[in-house]
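Encoded as structure tokens, the structure appears first; notes follow it.
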Amino acid sequence: MADIEKRRFPRLLMNVEVEYTVAGIEDAELYTTGSKNVSEGGICVIVFEKVACGTIVNLKFEMPEWNRFITAKGKIAWMRELTYEKNQNCDMYEAGIEFTEINPEDRKKINEYIISKITPPITPGP
């Protein structure tokens, strides 16, 4: 049986630098990491510590070809250990973060950017 895509938004494999802090903690530590993919609904990042599902994080990242940062809040929706890194004495995880607060214009621009990259351009016929 074919694997059915359950995601609501198309994702684009993309490594962008992401800064995050745990929300609601005064003087929370600032972490910098990279993304694996991005959608208008969320972002998947690599983290070096376990973060509980449901944790709210403050995010800051810049999409390629943009000249400004996106700030958003997101909820850790899932966390998965990257087992191939165990051989290197380094705990690494993928964290799926669902945007809970993001500027609607930023969400729209993220979607437009992703669609422009995954949809082949239409070339006029002869």
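The values are calculated or read from the model by the stated rules, or taken from the named source; none is laboratory data. All figures in this text were calculated on a predicted structure; none of them were measured in a lab. Because the Cβ atoms are built from the backbone with ideal geometry, glycine has one as well, and the counts that use them run over all protein chains shown.
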Step by step: first the residues of the stretch 86-104, then only those that are at pLDDT below 85 and not in a loop (DSSP other than H, G, I, E, B), then the one that is farthest from THR71 (Cα to Cα). Which residue is that?
ASN87
Scan the stretch 14-26 for residues that are under 10 Å from the mean Cα position of the chain (by Cα) and over 21 Å from PHE69 (Cβ atoms) and report the count.
0
Subset of the stretch 89-105 [more than 19 Å from ASN15 (Cβ to Cβ) and not aliphatic (A, V, I, L, M)]:
ASN89, ASP91, GLU98, THR100, GLU101, ASN103, PRO104, GLU105
Scope the stretch 72-85; condition surrounded by 14 or more Cβ atoms within 10 Å (Cβ to Cβ) and at pLDDT 95 or above; matching residues:
ALA72, LYS73, GLY74, LYS75, ILE76, ALA77, MET79
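Regarding CYS44, is this residue under 25 Å from ILE25 (Cα atoms) and surrounded by 14 or more Cβ atoms within 10 Å (Cβ to Cβ)?
It is true that CYS44 is under 25 Å from ILE25 (Cα atoms) and surrounded by 14 or more Cβ atoms within 10 Å (Cβ to Cβ).
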